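J.: Quick one: the structure is below, questions incoming.
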Amino acid sequence: MSITTIYRVAAVQAAPIFLNLEATVAKTISLIESAANYGTKLIAFPETWIPGYPWFIWLDSPLWGMQFFEQYHNNSLVINSQQYQKIEQAAADNNIMVVLGFSEKDNGSLYISQSIIDQTGQTLLTRRKLKPTHVERAIFGEGDGSSLNVIETTLGKVGALNCWEHIQPLSKYAMFSQDEQIHVGSWPSFSIYKGHVHALSGEMNTAIRRRSTVR
């Protein structure tokens, strides 16, 4: 006989302090504390929440967007940095699991990454988006697939994917095959494209998410 566990989760729909690492980390901690005050056991953040999604790569030519690259790189998050450890500590202080979306800086490269941090503040998994979407490849590197894993936690078997990874059948199959129970699908907001690019619309995101639901 299966046992059903019910608990509260939070999906962050908020704006970061764009291109400001320190301020966005502070806002991240504030949102973690707020969610925990409502008895939330898991809080999930959008894709590249830190330091914000790089809209400039879509809005004009790559050459025009280059003016923002240095600032974006400088404000991306390094694993095990002081800023990252503050978020781990916030998870522990508030007894809440955090699935964090961020631009990961590793030496000279950036990656679209997600971390699963448990309620003791331990990072259980950090994964990188396998194939950045379209012009995202102008700024982000590719993941190697080694972290396409589902993690056993006290809340269940937790996994995560970013954005258009949800339309890649083998990425989803990898999660299904590991008996994923809790799936975090992280997306940026595409509201600025409303009425212009249907493939990047909120309606499309919602449709893809529904086809990606696990259990």
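J.: Looking at this structure, is T126 out of contact with any Gly (no Cβ under 7 Å at 6 or more places or on another chain), farther than 20 Å from V78 by Cα, touching a residue at least 12 places away in the same chain (Cβ under 8 Å) and buried (at least 16 other Cβ atoms within 10 Å of the Cβ)?
T.: No.
J.: Given the criterion under 24 Å from G39 (Cα atoms) and at pLDDT 95 or above, identify the matching residue among T154, T123.
T.: Residue meeting the stated conditions: T123.
J.: Of all residues in region 27-60, which are open to solvent by 60 Å² or more (accessible area, probe 1.4 Å) and free of Cβ contacts under 8 Å to residues at least 60 places away in the same chain?
T.: K27, S30, N37, Y38, L59, D60
J.: Before we move on, is Y84 buried (at least 21 other Cβ atoms within 10 Å of the Cβ) and free of Cβ contacts under 8 Å to residues at least 40 places away in the same chain?
T.: yes
J.: Among S34, S81, S61, which is the only one that is among the hydroxyl-bearing types (S, T, Y) and under 21 Å from G143 (Cα atoms)?
T.: Numbers: S34 fails: under 21 Å from G143 (Cα atoms); S61 fails: under 21 Å from G143 (Cα atoms).
Selected residue: S81, the only one of S34, S81, S61 that is among the hydroxyl-bearing types (S, T, Y) and under 21 Å from G143 (Cα atoms).
J.: Let me ask you something else. Can you go through A10, A36, A23 and tell me which one is modelled with pLDDT of 95 or more, touching a strand residue (DSSP E or B) at 6+ places or on another chain (Cβ under 9 Å), assigned to a helix (DSSP H, G or I) and hydrophobic (A, V, I, L, M, F, W, C)? Before you say what the answer is, go through the steps one by one.
T.: Numbers: A10 fails: assigned to a helix (DSSP H, G or I); A23 fails: touching a strand residue (DSSP E or B) at 6+ places or on another chain (Cβ under 9 Å).
Of the residues listed, the single one that is modelled with pLDDT of 95 or more, touching a strand residue (DSSP E or B) at 6+ places or on another chain (Cβ under 9 Å), assigned to a helix (DSSP H, G or I) and hydrophobic (A, V, I, L, M, F, W, C) is A36.
J.: Can G156 be described as closer than 24 Å to R8 by Cα and open to solvent by less than 30 Å² (accessible area, probe 1.4 Å)?
T.: Taking the combined requirement at face value, the residue satisfies it.
The values are calculated or read from the model by the stated rules, or taken from the named source; none is laboratory data. Note that the structure is predicted; figures quoted are calculated from it, not measured. Virtual Cβ from ideal backbone geometry, glycine too; neighbours counted across all protein chains shown. SASA here: full protein model, heavy atoms, side chains in, ligands and nucleic acids out. Shrake-Rupley method; radii C 1.70, N 1.55, O 1.52, S 1.80 Å.
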